[in-house]
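S.K.: I am attaching a structure below and will ask some questions about it afterwards.
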Amino acid sequence: MDPDTSPQKTVLFVLGCPQVPVQTSIALYLISRFKAAGITPIIAGNKAANTLLLVADPDRHYIGEIMDLDRAVAQITEKKRDFDRCFVFIHNDAGISYAATMAVISKARLYALVYGEHQEDLVGQITFPCTTIAAKAVHNPLPLKKAIDVVAPWAA
């Protein structure tokens, strides 16, 4: 297939409750890295997570398409849409549930991005196939950024 006519690669970012401060900065960091690699980022989050990103990037230099998380799950379940890669941001049990759901409904290469004070316990709950990237990061995003940079998923 001619590279100019091949479909654009995509990455879905699944964002839950933004209770842990590093979520927004790491999401923007990943969006920037994937865009630089020519991969289109799509954000699916709850209202609070989406609003934080929209306020942080009002001119949409980084964020592009943004949608409600339940709408994204429905589109994938109904086979209306899917993605090449999917990052699920996990800092609580709900994040584990969303990642497990994505493992079942999506063909995307799945990444579980686990952070927060209880990241070790959460990593132990992952029983589905995925690449796990974890760090004890709550307020300081650098430990999680370093863990992501080791994997360099935008180059995979």
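S.K.: Would you check which residues across segment 15-72 are in a loop (DSSP other than H, G, I, E, B), of a type in the set (A, V, I, L, M, F, W, C) and under 19 Å from Y111 (Cα atoms) and list them?
M.R.: Selection gives C17, V20, A37, I39.
S.K.: Only one of (1) buried (at least 20 other Cβ atoms within 10 Å of the Cβ); (2) assigned to a helix (DSSP H, G or I); (3) touching a residue at least 60 places away in the same chain (Cβ under 8 Å) fails for I76. Which number is that?
M.R.: In the conditions (1) buried (at least 20 other Cβ atoms within 10 Å of the Cβ); (2) assigned to a helix (DSSP H, G or I); (3) touching a residue at least 60 places away in the same chain (Cβ under 8 Å), I76 misses (3) alone.
S.K.: Looking at H91, H139, H61, can you tell me which residue is within 22 Å of Y29 (Cα to Cα) and in contact with a Gly (Cβ under 7 Å, 6 or more places away or on another chain)?
M.R.: Step by step, each of H91, H139, H61 is checked, and only H91 is within 22 Å of Y29 (Cα to Cα) and in contact with a Gly (Cβ under 7 Å, 6 or more places away or on another chain).
S.K.: What's the total number of residues in segment 82-93 that are within 19 Å of A135 (Cβ to Cβ) and open to solvent by 30 Å² or more (accessible area, probe 1.4 Å)?
M.R.: 2
S.K.: Another question about this same structure. Considering only segment 94-108, how many residues are touching a Cys at 6+ places or on another chain (Cβ under 9 Å), surrounded by fewer than 17 Cβ atoms within 10 Å (Cβ to Cβ) and closer than 12 Å to V73 by Cα?
M.R.: 0
For every residue, the table says whether it meets (1) open to solvent by 20 Å² or more (accessible area, probe 1.4 Å); (2) β-branched (V, I, T); (3) touching a His at 6+ places or on another chain (Cβ under 6 Å); (4) in contact (Cβ under 8 Å) with a residue 24 or more places away in the chain.
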site: T10; (1), (2), (3), (4): yes, yes, no, yes
site: V14; (1), (2), (3), (4): no, yes, no, yes
site: P21; (1), (2), (3), (4): yes, no, yes, yes
site: A37; (1), (2), (3), (4): yes, no, no, yes
site: A49; (1), (2), (3), (4): no, no, no, yes
site: D57; (1), (2), (3), (4): no, no, no, yes
site: I63; (1), (2), (3), (4): no, yes, no, yes
site: I66; (1), (2), (3), (4): yes, yes, no, yes
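S.K.: Considering only segment 109-132, state which residues are closer than 26 Å to T40 by Cβ and surrounded by fewer than 21 Cβ atoms within 10 Å (Cβ to Cβ).
M.R.: Matches in segment 109-132: R109, F128, P129, C130, T131, T132.
S.K.: Which of the residues that make up segment 122-156 are of a type in the set (D, E, K, R) and either farther than 16 Å from V20 by Cα or in contact (Cβ under 8 Å) with a residue 60 or more places away in the chain (or both)?
M.R.: Passing the criteria: K145, K146, D149.
The values are calculated or read from the model by the stated rules, or taken from the named source; none is laboratory data. Since the structure is predicted, the reported quantities are computational estimates derived from the model, not experimental observations. Note: ideal-geometry Cβ built from the backbone for every residue, glycine included; neighbour counts use all protein chains shown. Side chains included, ligands, DNA and RNA excluded: accessible areas come from the protein's heavy atoms. Shrake-Rupley method; radii C 1.70, N 1.55, O 1.52, S 1.80 Å.
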